[in-house]
Amino acid sequence: MFGIRTLVLGVDLLTLKPGDASARRVLRQAVLIHATDTAAALYAGKRGELPARAAMLTTIISAVNTGLAVVSLAAAEKS
């Protein structure tokens, strides 16, 4: 599930035009989805449901995506 949601969000973001009214909605969804992915990866790693290396990599990737989404949302709300 991690990949397909990221792909759908990416397509949404790539097709938005500057000043598009739906940009903030898409960015808010991105923050929520990536933060949830981060928490799920961390939780799965702590429970041993993922190998340690896979859990660490997935958590880091999702956390970076969350950070990027938060920064993008903050920038969009300033404009």
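Observations
- Exactly one residue among T58, T6 is hydroxyl-bearing (S, T, Y), more than 24 Å from A76 (Cα to Cα) and in contact (Cβ under 8 Å) with a residue 40 or more places away in the chain, and that residue is T58.
- Within the range 26-55, the set of residues being crowded, with 16+ Cβ neighbours inside 10 Å and either on the phi > 0 side of the Ramachandran plot or in contact (Cβ under 8 Å) with a residue 40 or more places away in the chain (or both) comprises L27, A30, V31.
- Helices (runs of 4 or more DSSP H) completely within the chain that count 3 or more residues being more than 13 Å from the chain's Cα centre (by Cα) and at pLDDT 90 or above: 23-46, 52-78
The values are calculated or read from the model by the stated rules, or taken from the named source; none is laboratory data. Remember, it's a predicted structure, so these values are computed and weren't measured experimentally. FYI the Cβ positions are ideal-geometry reconstructions off the backbone, even for glycines, and counts take in every protein chain you see.
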